[in-house]
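Novice: If you scroll down you'll find the structure; I have some questions about it.
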Amino acid sequence: MQIARVIGNVVSTVKNESLHAKKLMIVQTLDADLQPKGKPMIALDAVGAGVGELVFWCRGKEASFPFKRDDTPTDCTIVGIIDSDAHVYQTSRESRVGSREKK
């Protein structure tokens with residue numbers, strides 16, 4: 001899983017039958033300082049996320065697990081909403097400082 005921010009939504013008038021009534025969102029992956037890294041991606045929303053929220057997302061085979069019953073075709077899925085970024089930021093910062101001190 002990786003952390004990202006939802007930066008927009010996607011409107012699609014024609015899509016796979018199993019994607020009907022499911023939201024497609026644009027997510028921007030974030031680094032340990034919660035700064036954008038890489039290119040934005042389109043993710044299927046499994047949790048009801050909104051624009052501006054911090055989320056967890058996953059790719060690959062695991063991305064389809066929230067939709068296993070209906071064989072939804074997805075390679076990128078939002079699987080969680082982060083309520084507070086203070087702990088995420090503090091934890092990532094501590095791990096980076098700790099790894100520098102070991103050198």
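Bear in mind that the values in this text are calculations on the coordinates, not laboratory data. Keep in mind that this is a model prediction, so the values were computed, not measured. No Cβ is skipped: glycine too gets one built from the backbone with ideal geometry, and neighbour counts run over all protein chains shown.
Novice: Grab the Cα-Cα distance for Arg59 and Lys22, subtract it from 0.36 nm times how many residues apart they are, and report the gain in nm with one decimal. Write down the numbers at each step before the final one.
Specialist: Details: separation 37, 0.36 × 37 = 13.32 nm, distance 1.71 nm.
Here the answer is 11.6 nm.
Novice: Can I ask one more? Expressed in nm to one decimal, what extension gain is obtained for the pair Ile82 and Asp31 from 0.36 nm per residue of sequence separation less their Cα-Cα distance?
Specialist: 16.9 nm
Novice: Which ordering of Glu62, Glu53, Glu17 is given by a fewest-first count of other beta-carbon atoms within 10 Å? If you can, show how the numbers build up before the last one.
Specialist: Numbers: Glu62 12, Glu53 17, Glu17 8.
Arranged by neighbour count, lowest to highest, Glu62, Glu53, Glu17 become Glu17, Glu62, Glu53.
Novice: Testing the spin-label approximation: label points 7 Å from Cα along Cα→Cβ at Val10 and Val51. State their distance in nm.
Specialist: 1.6 nm
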